[in-house]
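Data first, discussion second: the structure below is written as structure tokens.
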Amino acid sequence: MDRLWTDFVNSDYHDWRGRDRSEDKLGKTEWQQGFIKQWQLNASVPASPEEEGALRSFRNELQALATRLSEGNPLSSKDQEWLNAKMEEGQVIRRLNAGDEGLKLSLIPVGTQWQQVMAEVAADFAITVVEGDGRRIRICDNADCRWIFYDDTRSRTQKYCDDNRKILQRKYANPEIACFQQLLYNIYVLKIIQLVVQSIQSEINTRDSSVYLTKKTMIGDVSYGDKLSTEKWLCIIYGFVGGSV
Ligand SMILES: [Zn+2]
């Protein structure tokens, strides 16, 4: 499951298919908007260049720290100080809420700047270390992926992130683009089908009568010049693919 801090760190996106389309999403307005909304935080979008710079260096340091812990190193006192300094930049208030599972005491972020967001991310990372186990932090074994995640399997053996989920997330992150891509893909497929059908048609037209007769038997009651139904076309394609041609 995504956590606030893994979602933040993974804004440094690597294409797991190895097509070298890796990109740093942190500076993108859509990413910032989605992130803020997903985690119910407040900050002005787009972040100013200074804020973006601060976010990026914080992200890179957190990434390095997560990597160190994933390698089995403990949280050093220097790491602890660094996390404390980051958490200090955001204030919270306490609030008692009644939920489905009874009463719950929550810490509500006060600030509406990116410093507050970073403080929340740092706090979420600290919770992972305190309540979980830093050695369960994983970096996906796929060298092209490097997605950072928390292994909550009982056996602690998860080596790869869940790529299917990532594909879905990317696909629906921008529905307009996904829709347009799908449209282009459909046109492409239709064009290929059209070319196949045309080549089959010209093949039939140019065959000598004996071969044509064999084909004709195979495809049933189709005669040259007939207006062909879908089933007949399927028969023809089947005959060519599976037949003796
Ligand atoms: Zn992965």
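The values are calculated or read from the model by the stated rules, or taken from the named source; none is laboratory data. Here the structure is a predicted model, which means the values were calculated and not measured. Counting neighbours? That spans all protein chains shown, and the Cβs are built from the backbone with ideal geometry, glycine included.
Residue by residue, here is whether (1) within 16 Å of the ligand (Cβ to nearest atom); (2) among the aromatic types (Phe, Trp, Tyr) holds:
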position: Pro109; (1), (2): no, no
position: Gln113; (1), (2): no, no
position: Gln116; (1), (2): no, no
position: Ala126; (1), (2): no, no
position: Asp133; (1), (2): no, no
position: Ile139; (1), (2): yes, no
position: Tyr150; (1), (2): yes, yes
position: Thr153; (1), (2): yes, no
position: Gln158; (1), (2): yes, no
Could you say whether any residue in the stretch 97-109 is in contact (Cβ under 8 Å) with a residue 24 or more places away in the chain and either in the same structural domain as Thr128 (by TED's automatic domain parsing) or buried (at least 18 other Cβ atoms within 10 Å of the Cβ) (or both)? yes
Among the strands (runs of 3 or more DSSP E) confined wholly to the stretch 63-150, which include 1 or more residues that are in contact with a helix residue (DSSP H, G or I) (Cβ under 6 Å, 6 or more places away or on another chain)? 102-109, 137-139, 148-150
